[in-house]
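The values are calculated or read from the model by the stated rules, or taken from the named source; none is laboratory data. Keep in mind the model is a prediction, meaning the values are calculated, not measured. Cβ coordinates were reconstructed from backbone atoms using ideal geometry, including for glycine residues, and neighbour counts include every protein chain displayed. The protein model used for the area step is the full one, side chains on, heavy atoms only, and it has no ligands, DNA or RNA in it. Shrake-Rupley method; radii C 1.70, N 1.55, O 1.52, S 1.80 Å.
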Amino acid sequence: MTDETRVVTAKLPEELAARLDKAGERIERSKSWIIRQAVAEWLAEEQRRDELTREAMQSIDEGRGIPHEEIMLWAEQLKREARAKSAA
């Protein structure tokens with residue numbers, strides 16, 4: 001991360017802001033620090049989800065998907081097996 005910063009404003013519901021205040025006091029960190037950490041983690045997770053989605057879409061485009069009908073047959077088979085186990 002660079003030393004350059006920019007102020008970004010966000011409105012939070014009162015309950016969330018109060019929780020932020022309490023967490024900051026508890027861990028002895030500023031609200032800015034907590035929000036920076038939270039945004040950085042969220043962005044990393046969002047990037048990961050986006051990459052996984054793109055990979056999945058590429059797999060479908062390349063024909064590496066499982067047809068819906070096969071999934072439905074598999075699900076029905078699982079249900080039958082579960083019923084058979086519970087009946088036994």
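Hey, among the residues in region 36-47 that are open to solvent by less than 80 Å² (accessible area, probe 1.4 Å) and aliphatic (A, V, I, L, M), which one's nearest to Leu16 (Cα to Cα)? Top of the filtered list is Ala38. Looking across region 57-67 at every residue that is at pLDDT below 95 and in a loop (DSSP other than H, G, I, E, B), the one that is least open to solvent (accessible area, probe 1.4 Å) is identified as Gly65. In region 38-56, the residues that are part of a helix (DSSP H, G or I) reach residues that are open to solvent by 90 Å² or more (accessible area, probe 1.4 Å) with C-beta atoms within less than 9 angstrom, at least six apart or across chains, in these pairs: Val39/Val8; Ala40/Met1.
Look at region 71-88: where a residue is in a helix (DSSP H, G or I), no partner that is not aliphatic (A, V, I, L, M) sits 6+ places away or on another chain with Cβ atoms under 7 Å.
A quick yes/no check of all residues on (1) exposed (fewer than 10 other Cβ atoms within 10 Å of the Cβ); (2) modelled with pLDDT of 95 or more; (3) touching a Pro at 6+ places or on another chain (Cβ under 7 Å):
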residue	(1), (2), (3)
Glu4	yes, no, no
Glu14	yes, yes, no
Asp50	no, yes, no
Glu69	yes, yes, no
